[in-house]
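All remarks here apply to the structure that follows.
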Amino acid sequence: LLPRGLTRDLVTALFFTFLFVTLAANYDILGGFLGYLNLGQATFFGFAAYVIVLLIKMPAVQTLGPWGIPAAAAAAAALTALLAFGAASPLFKLRGAYFAVATFGLLLMVRYLVLNLPALTGGTYGVYIPQTYYLELGWAYHLSLLLASGSVVLNYLLTRTRLGIALIAIRESEQAAAAIGINLFRYKRIALVLSATPTALAGAIFALHAGYIDVPSVFGLDRTAFPMIMAILGGSGHVWGPVVGTGIVRGIDVALKNYLVLPVPALGVHALILMGIGLFMPMGLM
(Lines give C-alpha, C1' and ligand atoms only; values in the text may rest on other atoms or scores of the structure.)
Protein backbone atom coordinates (compact mmCIF):
# COMPACT_ATOMS: atom_id res chain seq x y z
CA LEU A 1 0.00 0.00 0.00
CA LEU A 2 2.96 2.35 0.41
CA PRO A 3 3.04 3.57 -3.22
CA ARG A 4 -0.33 5.26 -2.63
CA GLY A 5 1.11 7.66 -0.07
CA LEU A 6 4.77 8.07 -1.05
CA THR A 7 6.46 10.16 -3.71
CA ARG A 8 7.71 8.50 -6.88
CA ASP A 9 11.33 8.92 -5.74
CA LEU A 10 10.70 7.05 -2.48
CA VAL A 11 8.78 4.29 -4.24
CA THR A 12 11.70 3.92 -6.66
CA ALA A 13 14.09 3.75 -3.71
CA LEU A 14 11.98 0.97 -2.17
CA PHE A 15 11.88 -0.86 -5.51
CA PHE A 16 15.68 -0.94 -5.58
CA THR A 17 15.74 -1.93 -1.91
CA PHE A 18 13.60 -5.00 -2.66
CA LEU A 19 15.89 -5.91 -5.56
CA PHE A 20 18.88 -5.73 -3.24
CA VAL A 21 17.10 -7.79 -0.58
CA THR A 22 16.71 -10.46 -3.28
CA LEU A 23 20.38 -10.21 -4.28
CA ALA A 24 21.62 -10.25 -0.67
CA ALA A 25 19.38 -13.16 0.36
CA ASN A 26 20.47 -15.18 -2.66
CA TYR A 27 24.13 -14.32 -2.12
CA ASP A 28 23.69 -15.74 1.38
CA ILE A 29 22.73 -19.19 0.07
CA LEU A 30 26.36 -19.58 -0.95
CA GLY A 31 28.01 -17.10 1.39
CA GLY A 32 26.04 -17.86 4.55
CA PHE A 33 24.69 -21.40 4.36
CA LEU A 34 27.48 -22.96 2.28
CA GLY A 35 30.35 -20.71 3.40
CA TYR A 36 31.62 -19.91 -0.12
CA LEU A 37 32.42 -16.27 -0.90
CA ASN A 38 30.72 -15.43 -4.20
CA LEU A 39 32.02 -12.34 -6.02
CA GLY A 40 30.00 -13.06 -9.15
CA GLN A 41 26.39 -12.56 -8.05
CA ALA A 42 26.00 -9.85 -10.70
CA THR A 43 26.74 -12.46 -13.39
CA PHE A 44 23.27 -13.95 -13.08
CA PHE A 45 21.55 -10.58 -12.64
CA GLY A 46 23.11 -9.10 -15.77
CA PHE A 47 22.88 -12.26 -17.87
CA ALA A 48 19.13 -12.54 -17.31
CA ALA A 49 18.63 -8.81 -17.95
CA TYR A 50 20.21 -9.10 -21.39
CA VAL A 51 18.47 -12.39 -22.18
CA ILE A 52 14.98 -11.04 -21.49
CA VAL A 53 15.67 -7.94 -23.62
CA LEU A 54 16.78 -10.12 -26.52
CA LEU A 55 13.81 -12.46 -26.11
CA ILE A 56 11.10 -9.80 -26.10
CA LYS A 57 12.47 -8.49 -29.38
CA MET A 58 11.87 -11.85 -31.05
CA PRO A 59 8.73 -12.10 -33.23
CA ALA A 60 7.85 -15.49 -31.71
CA VAL A 61 7.65 -13.94 -28.24
CA GLN A 62 5.82 -10.83 -29.44
CA THR A 63 3.05 -12.98 -30.93
CA LEU A 64 2.25 -14.19 -27.39
CA GLY A 65 0.80 -10.78 -26.54
CA PRO A 66 0.39 -10.18 -22.79
CA TRP A 67 1.93 -13.58 -22.06
CA GLY A 68 5.16 -12.54 -23.75
CA ILE A 69 6.69 -10.96 -20.65
CA PRO A 70 6.04 -13.91 -18.27
CA ALA A 71 7.26 -16.35 -20.92
CA ALA A 72 10.42 -14.32 -21.57
CA ALA A 73 11.08 -13.93 -17.84
CA ALA A 74 10.66 -17.68 -17.26
CA ALA A 75 12.99 -18.43 -20.18
CA ALA A 76 15.58 -15.94 -18.89
CA ALA A 77 15.46 -17.54 -15.43
CA ALA A 78 15.76 -21.03 -16.92
CA LEU A 79 18.74 -20.09 -19.09
CA THR A 80 20.42 -18.43 -16.11
CA ALA A 81 19.85 -21.54 -14.01
CA LEU A 82 21.41 -23.55 -16.85
CA LEU A 83 24.43 -21.20 -16.81
CA ALA A 84 24.80 -21.75 -13.05
CA PHE A 85 24.40 -25.50 -13.49
CA GLY A 86 27.20 -25.59 -16.08
CA ALA A 87 29.47 -23.20 -14.16
CA ALA A 88 29.23 -25.29 -10.99
CA SER A 89 31.59 -28.00 -12.27
CA PRO A 90 34.69 -25.82 -12.78
CA LEU A 91 33.90 -23.43 -9.92
CA PHE A 92 33.52 -26.03 -7.18
CA LYS A 93 36.85 -27.61 -8.00
CA LEU A 94 38.15 -24.58 -6.09
CA ARG A 95 37.76 -23.42 -2.51
CA GLY A 96 38.37 -20.33 -0.41
CA ALA A 97 39.94 -17.31 -2.11
CA TYR A 98 40.41 -19.29 -5.33
CA PHE A 99 36.67 -19.88 -5.58
CA ALA A 100 35.98 -16.18 -4.94
CA VAL A 101 38.41 -15.12 -7.67
CA ALA A 102 36.93 -17.67 -10.08
CA THR A 103 33.39 -16.33 -9.56
CA PHE A 104 34.68 -12.83 -10.28
CA GLY A 105 36.34 -14.25 -13.39
CA LEU A 106 32.97 -15.66 -14.50
CA LEU A 107 31.48 -12.19 -14.09
CA LEU A 108 34.23 -10.65 -16.22
CA MET A 109 33.85 -13.35 -18.88
CA VAL A 110 30.11 -12.76 -19.31
CA ARG A 111 30.63 -8.99 -19.16
CA TYR A 112 33.21 -9.02 -21.97
CA LEU A 113 31.09 -11.45 -23.98
CA VAL A 114 28.27 -8.90 -23.90
CA LEU A 115 30.63 -6.09 -24.88
CA ASN A 116 31.97 -8.08 -27.85
CA LEU A 117 28.56 -8.93 -29.33
CA PRO A 118 27.35 -5.44 -30.27
CA ALA A 119 24.98 -6.73 -32.97
CA LEU A 120 22.97 -8.51 -30.26
CA THR A 121 23.63 -6.55 -27.09
CA GLY A 122 24.49 -3.07 -28.30
CA GLY A 123 28.01 -3.45 -26.90
CA THR A 124 29.17 -0.37 -25.00
CA TYR A 125 26.09 1.59 -26.13
CA GLY A 126 23.60 -0.70 -24.40
CA VAL A 127 20.16 -1.70 -25.60
CA TYR A 128 16.63 -0.28 -25.23
CA ILE A 129 13.47 -2.13 -24.24
CA PRO A 130 10.54 -1.89 -26.69
CA GLN A 131 8.13 0.65 -25.26
CA THR A 132 5.22 -1.79 -25.31
CA TYR A 133 7.07 -4.01 -22.81
CA TYR A 134 8.00 -1.25 -20.38
CA LEU A 135 7.12 -2.22 -16.80
CA GLU A 136 5.43 0.59 -14.89
CA LEU A 137 6.77 1.49 -11.46
CA GLY A 138 3.70 0.13 -9.66
CA TRP A 139 4.08 -3.29 -11.27
CA ALA A 140 7.84 -3.26 -10.76
CA TYR A 141 7.43 -2.33 -7.09
CA HIS A 142 5.01 -5.15 -6.31
CA LEU A 143 6.88 -7.76 -8.34
CA SER A 144 10.16 -6.90 -6.63
CA LEU A 145 8.43 -7.00 -3.22
CA LEU A 146 7.03 -10.45 -4.06
CA LEU A 147 10.44 -11.65 -5.24
CA ALA A 148 12.21 -10.32 -2.14
CA SER A 149 9.63 -11.98 0.12
CA GLY A 150 10.03 -15.25 -1.76
CA SER A 151 13.82 -15.09 -1.39
CA VAL A 152 13.56 -14.59 2.38
CA VAL A 153 11.06 -17.48 2.62
CA LEU A 154 13.46 -19.65 0.61
CA ASN A 155 16.24 -18.93 3.10
CA TYR A 156 13.89 -19.70 5.97
CA LEU A 157 13.01 -23.04 4.39
CA LEU A 158 16.71 -23.81 4.03
CA THR A 159 17.03 -23.65 7.81
CA ARG A 160 14.26 -26.26 8.14
CA THR A 161 15.01 -28.74 5.36
CA ARG A 162 17.48 -31.51 4.63
CA LEU A 163 19.03 -29.40 1.86
CA GLY A 164 19.79 -26.48 4.16
CA ILE A 165 21.14 -28.73 6.91
CA ALA A 166 23.41 -30.42 4.34
CA LEU A 167 24.74 -27.03 3.19
CA ILE A 168 25.48 -26.01 6.79
CA ALA A 169 27.21 -29.36 7.39
CA ILE A 170 29.42 -28.75 4.32
CA ARG A 171 30.20 -25.26 5.59
CA GLU A 172 31.28 -26.55 8.99
CA SER A 173 33.45 -29.41 7.66
CA GLU A 174 33.51 -30.80 4.14
CA GLN A 175 35.47 -33.85 5.27
CA ALA A 176 32.95 -34.70 7.99
CA ALA A 177 30.01 -34.07 5.63
CA ALA A 178 31.50 -36.40 3.01
CA ALA A 179 32.20 -39.04 5.69
CA ILE A 180 28.51 -39.26 6.64
CA GLY A 181 27.46 -39.70 3.01
CA ILE A 182 26.63 -36.16 1.80
CA ASN A 183 27.32 -35.75 -1.92
CA LEU A 184 29.33 -32.52 -1.74
CA PHE A 185 29.26 -31.49 -5.39
CA ARG A 186 25.55 -32.26 -5.81
CA TYR A 187 24.54 -30.02 -2.92
CA LYS A 188 26.94 -27.26 -3.92
CA ARG A 189 25.54 -27.22 -7.45
CA ILE A 190 21.97 -27.08 -6.13
CA ALA A 191 22.97 -24.13 -3.94
CA LEU A 192 24.46 -22.26 -6.91
CA VAL A 193 21.36 -22.84 -9.07
CA LEU A 194 19.06 -21.78 -6.20
CA SER A 195 21.16 -18.65 -5.72
CA ALA A 196 21.09 -17.79 -9.43
CA THR A 197 17.39 -18.24 -10.26
CA PRO A 198 15.71 -15.51 -8.13
CA THR A 199 18.67 -13.25 -8.91
CA ALA A 200 17.87 -13.77 -12.61
CA LEU A 201 14.24 -12.75 -12.07
CA ALA A 202 15.47 -9.61 -10.28
CA GLY A 203 17.59 -8.79 -13.32
CA ALA A 204 14.62 -9.31 -15.63
CA ILE A 205 12.38 -7.01 -13.57
CA PHE A 206 15.09 -4.36 -13.44
CA ALA A 207 15.61 -4.46 -17.22
CA LEU A 208 11.90 -4.18 -18.02
CA HIS A 209 11.44 -1.24 -15.66
CA ALA A 210 14.63 0.61 -16.58
CA GLY A 211 13.77 0.65 -20.27
CA TYR A 212 17.47 0.68 -21.11
CA ILE A 213 20.39 -1.42 -19.91
CA ASP A 214 24.12 -1.39 -20.50
CA VAL A 215 27.06 -3.24 -19.01
CA PRO A 216 27.70 -0.89 -16.03
CA SER A 217 24.03 -0.87 -15.01
CA VAL A 218 23.66 -4.66 -14.73
CA PHE A 219 27.23 -5.93 -14.23
CA GLY A 220 28.43 -3.00 -12.10
CA LEU A 221 30.39 -3.19 -8.86
CA ASP A 222 27.33 -2.36 -6.77
CA ARG A 223 25.47 -5.42 -8.08
CA THR A 224 28.25 -7.67 -6.75
CA ALA A 225 29.70 -5.78 -3.79
CA PHE A 226 26.51 -4.46 -2.19
CA PRO A 227 24.74 -7.83 -1.70
CA MET A 228 27.87 -9.19 -0.01
CA ILE A 229 28.21 -6.12 2.25
CA MET A 230 24.50 -6.23 3.10
CA ALA A 231 24.51 -9.91 4.02
CA ILE A 232 27.71 -9.69 6.07
CA LEU A 233 26.58 -6.54 7.91
CA GLY A 234 23.21 -8.03 8.84
CA GLY A 235 24.60 -11.44 9.69
CA SER A 236 25.49 -13.93 7.00
CA GLY A 237 23.81 -17.29 7.50
CA HIS A 238 20.80 -15.80 9.34
CA VAL A 239 17.43 -15.55 7.61
CA TRP A 240 16.88 -11.90 8.55
CA GLY A 241 20.54 -10.91 8.27
CA PRO A 242 20.41 -9.87 4.59
CA VAL A 243 17.16 -7.95 5.17
CA VAL A 244 18.57 -5.97 8.11
CA GLY A 245 21.84 -5.32 6.28
CA THR A 246 20.02 -4.20 3.13
CA GLY A 247 17.87 -1.75 5.09
CA ILE A 248 20.93 -0.13 6.66
CA VAL A 249 23.09 -0.01 3.53
CA ARG A 250 20.26 1.20 1.31
CA GLY A 251 19.38 3.90 3.84
CA ILE A 252 22.96 5.17 3.79
CA ASP A 253 23.12 4.89 0.00
CA VAL A 254 19.90 6.85 -0.58
CA ALA A 255 20.95 9.54 1.92
CA LEU A 256 24.38 9.99 0.32
CA LYS A 257 23.21 9.94 -3.31
CA ASN A 258 19.80 11.61 -3.18
CA TYR A 259 20.20 14.11 -0.37
CA LEU A 260 23.93 14.79 -0.07
CA VAL A 261 24.53 14.10 -3.80
CA LEU A 262 27.72 12.11 -3.16
CA PRO A 263 27.61 9.10 -5.54
CA VAL A 264 31.35 8.35 -5.52
CA PRO A 265 32.03 8.81 -1.77
CA ALA A 266 29.09 6.45 -1.16
CA LEU A 267 31.25 3.52 -2.29
CA GLY A 268 33.99 4.67 0.07
CA VAL A 269 31.55 4.72 2.99
CA HIS A 270 30.45 1.16 2.21
CA ALA A 271 34.09 0.06 2.02
CA LEU A 272 34.62 1.52 5.51
CA ILE A 273 31.52 -0.33 6.73
CA LEU A 274 32.89 -3.61 5.36
CA MET A 275 36.27 -3.06 7.03
CA GLY A 276 34.56 -2.12 10.30
CA ILE A 277 32.50 -5.31 10.24
CA GLY A 278 35.62 -7.39 9.64
CA LEU A 279 37.50 -5.73 12.50
CA PHE A 280 34.84 -5.34 15.16
CA MET A 281 31.78 -7.43 14.27
CA PRO A 282 32.72 -10.31 11.92
CA MET A 283 29.51 -12.25 12.65
CA GLY A 284 27.24 -9.33 11.71
CA LEU A 285 24.42 -7.63 13.62
CA MET A 286 22.13 -10.64 13.86
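Annotation: Thr161 fulfils all but one of (1) within 25 Å of Phe85 (Cα to Cα); (2) open to solvent by 10 Å² or more (accessible area, probe 1.4 Å); (3) at pLDDT 95 or above; the unmet one is (3). Of the helices (runs of 4 or more DSSP H) lying entirely inside the stretch 193-281, those carrying at least 3 residues that are crowded, with 22+ Cβ neighbours inside 10 Å and either of a type outside the set (Lys, Arg) or at pLDDT 80 or above (or both) are 221-234, 241-254.
Hey, among Val11, Val53, Val61, which residue is touching a residue at least 24 places away in the same chain (Cβ under 8 Å) and touching a Leu at 6+ places or on another chain (Cβ under 8 Å)? Before you say what the answer is, go through the steps one by one.
On the way: Val53 fails: touching a Leu at 6+ places or on another chain (Cβ under 8 Å); Val61 fails: touching a residue at least 24 places away in the same chain (Cβ under 8 Å).
Step by step, each of Val11, Val53, Val61 is checked, and only Val11 is touching a residue at least 24 places away in the same chain (Cβ under 8 Å) and touching a Leu at 6+ places or on another chain (Cβ under 8 Å).
Please enumerate the residues belonging to the stretch 68-110 that are among the aromatic types (Phe, Trp, Tyr), exposed (fewer than 13 other Cβ atoms within 10 Å of the Cβ) and touching a helix residue (DSSP H, G or I) at 6+ places or on another chain (Cβ under 9 Å). None - no residue of the stretch 68-110 is among the aromatic types (Phe, Trp, Tyr), exposed (fewer than 13 other Cβ atoms within 10 Å of the Cβ) and touching a helix residue (DSSP H, G or I) at 6+ places or on another chain (Cβ under 9 Å), so the list stays empty.
Screening Phe226 on (1) closer than 30 Å to Ala71 by Cα; (2) without any contact (Cβ under 8 Å) to a residue 12 or more places away in the chain shows it passes everything except condition (2).
For the stretch 111-125, taking the residues that are free of Cβ contacts under 8 Å to residues at least 60 places away in the same chain and loosely packed, with under 12 Cβ neighbours inside 10 Å, the one that is nearest to the chain's Cα centre (by Cα) is identified as Asn116.
Looking only at the stretch 43-97, count every residue that is in a helix (DSSP H, G or I) and within 19 Å of Met109 (Cβ to Cβ) and tell me the total. Let's see the steps before the verdict.
From the stretch 43-97, those in a helix (DSSP H, G or I) are 43-56, 59-62, 65-91, 96-97; that's our starting set.
Subset that is within 19 Å of Met109 (Cβ to Cβ): 43-51, 54, 76, 79-91, 97.
Selection size over the stretch 43-97: 25.
On the stretch given as the stretch 134-156, residues that are surrounded by fewer than 19 Cβ atoms within 10 Å (Cβ to Cβ) and modelled with pLDDT under 95 total 5. Name the pairs: first residue in the stretch 147-162 and within 12 Å of Asn26 (Cα to Cα) and in contact (Cβ under 8 Å) with a residue 60 or more places away in the chain, second residue among the acidic types (Asp, Glu) and part of a helix (DSSP H, G or I), Cβ to Cβ under 8 Å, at least 6 apart or on different chains? Hits for this filter: Asn155/Asp28. Restricting attention to the stretch 1-50, the residues that are open to solvent by 20 Å² or more (accessible area, probe 1.4 Å) and of a type in the set (A, V, I, L, M) total 7.
The values are calculated or read from the model by the stated rules, or taken from the named source; none is laboratory data. Values in this document were obtained by computation on a predicted structure and should not be read as measured data. Cβ atoms come from the backbone with ideal geometry, glycine included; neighbour counts cover every protein chain shown. Heads up: the accessible areas ignore ligands, DNA and RNA and are worked out on the full protein's heavy atoms, side chains in. Shrake-Rupley method; radii C 1.70, N 1.55, O 1.52, S 1.80 Å.
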